[in-house]
Amino acid sequence: MTVTPFEDASIPLLTRISEADPDFADLLARLRFCPKDGRIWLDDQRMLLLHQSALAGLRHELVQSLGRPAARGLLTRMGYASGSKDAQMSKRLRQGDPVAGFLAGPQLHALEGIVRVETIRAEVDLEAGHHYGEFLWHSSSEVDAHFAAFGISDEPVCWMQIGYATGYTSVYMGRPILYREVECRGTGAPHCRIIGKPVHEWDDPAPDMVYFQPDALPRLVEREHGVQTFQPDDGSERPGGLVGISSGFTAAHQLVRKVAATNATVLFLGETGVGKEMFARTLHALSPRAEQPFIAINCAAIPDTLVESELFGVERGAFTGAVQSRPGKFERAHGGTIFLDEIGTLNMAAQGKLLRVLQEREVEPVGGTAARRVDVRVVAATNVDLRRAVQKGQFREDLFFRLNVFPVRIPPLRERKEDIPLLVRHFLAKYAARHGQTVSSLTHRALDHLLDYGYPGNVRELENIIERAVILTPENGAPLDVAHLFVQGDEVNAPFFGLDANGQLTDSSQAEALPATPGMVEQILGSELPLDTLEAMIIEAAVRQADGNLAEAARKLGLTRAQLAYRYRKAGGEEER
């Protein structure tokens, strides 16, 4: 059975693939938490929850002690073993549907917290042994671990995940399948992209297959003089007040460190509030110009009639009100760095003048007759798409290419969830000292809401939320709660999963749905139904809605399948599946 090609070629491939993806319910039903026994089970396999920082530490130790090839081999085979086990479970769980069974692998990868998988193309023909798979990986945990240990890489770093994909598909298909990572977020790409097909269909599979061979470890262990040394980036020293450990933050910070020693023009890209000026100040602090001036100017805050005089200066008598000569921002930044924020708002006349300054390194004040040499490093920032602005005729193309020498994208806070706890602690300490407050901590519920919030205003909005919470600190020293953080109008809608007191999986979106039926409890009590009868009615309704599928009904009720089956039989129901 194949997912592609489709009978109707007019339907886009990606759309048909997404429609074919099965539901997670049967996989979630196999996940059981048993805290009293100290065990977590996925079907019949015991699982573990590991700290991301522990994985990063292990990765660092392996690379530093064994060398990169040997470390890659060990982690790749770990992933292969994990993928093999999951494939065995998938074949049992989704018998009769090869495509749905195969797609359980990417779903399990996401369920286990490793990566979110987006299917681009998947072909599965068990009888012919044909397979082709292409997937995008988003929020790769292994990239985050590598960033935490070493920063940005010069080659793909999802070693364990590639091992998983290869092991899972090989066992599922019953023949050797090799996956390769053709793009990786660890190298600065926007996402990770993998492609898989039978080993014999690759032109040269040997360089990758060596990492799957246990007896190759001695050959992979490099001697001391051949070991490639990586310096860990623990984020302990961040000039300019930057705070963060996430992969997106670390990638941007590494790019800043690389370009800091040069005089190249840098263009920071990112939404409002992501901290572009903080990154610009960090760039200046790491550069040889650190002891010279850093001049920041918000181009959007200057009236069009005053842009030239602000940037390039003005001579006495140049216009009415110019009673004395005044140097512009470029002259004041001589020897140092000038930061042009919101550069996309400059009018066309100012853009032309700025282009000349970048080309000639000279400025001519308004009303002046002679150009003056300036030695400045230009750093710009914008929250708009300058390429699109060029296409619309709103921004000069030649100026864009002059500025776009070394672009650095700063990700929004919603893509940097790992940084939120660090930023919260940083802002709590900052504003507690500023406002003379004693802040103990946050409640778990408050931290959950902070992690789930979308932050349209990014880091600046988080900073405002924390400052407001510090001002509202309870006098009795109680921890800050949700009411101290969010005001009316802030929406925290992202659902999250957790555990109840019995170790059962809970869904916040289901928990918050109950208050939507006011008077429900009073109505039930008014009916004077016995509790056993009420329970039987609810179970029967859930099973009926799930078309007799007990696993699906159990998910609706927040029970395991075994718990629901026992109650269903007790109520006189017949277990169908």
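Bear in mind that the values in this text are calculations on the coordinates, not laboratory data. No experiment lies behind these values; they were computed from the predicted model shown. Every residue, glycine among them, receives a Cβ derived from its backbone with ideal geometry; neighbour counts consider all protein chains shown.
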>> Just to be sure I understand the model, the point goes 7 Å from the Cα along the line to the Cβ. What's the resulting residue 127 to residue 200 distance in nm?
In response: 2.0 nm
>> Which of 453, 132, 172 has the fewest other C-beta atoms within 10 Å, and how do the rest follow up to the most?
In response: 132, 453, 172
> Got a sec? How would 278, 160 order by Cβ neighbour count within 10 Å, fewest to most?
Replying inline: 278, 160
>> Need one number: nm distance between label points at residue 441 and residue 460, each 7 Å from Cα along Cα→Cβ, rounded to one decimal.
In response: 3.3 nm
> Does the stretch 70-129 come out rounded, prolate or oblate, given a ≥ b ≥ c as the square roots of the eigenvalues of its C-alpha gyration tensor, rounded meaning a/c under 1.5 and, failing that, prolate meaning a/b above b/c?
Replying inline: prolate
> What full-extension length gain, to one decimal in nm, is calculated for residue 391 and residue 136 as 0.36 nm per residue of separation minus the Cα-Cα distance?
Replying inline: 88.9 nm
> Label-point separation (nm) for residue 384 and residue 478, each offset 7 Å from Cα along Cα-to-Cβ?
Replying inline: 4.8 nm
>> Cut-off is 10 Å between beta-carbons; in what order do 362, 467 appear when sorted fewest neighbours first?
In response: 362, 467
>> Run the numbers for residue 432 and residue 301: contour at 0.36 nm per residue of separation, minus the present Cα-Cα distance, in nm.
In response: 44.1 nm
> Let a ≥ b ≥ c be the square roots of the eigenvalues of the Cα gyration tensor of the stretch 19-157; is it rounded (a/c under 1.5), or, if not, prolate (a/b larger than b/c) or oblate?
Replying inline: oblate
> Measuring from centroid to centroid over Cα atoms, what is the spacing of the stretch 261-275 and the stretch 20-56 in Å?
Replying inline: 41 Å
> Going down the list 91/556; 36/91; 329/353; 85/556, which pairs span over 22 Å between their C-alpha atoms?
Replying inline: 91/556; 36/91; 85/556
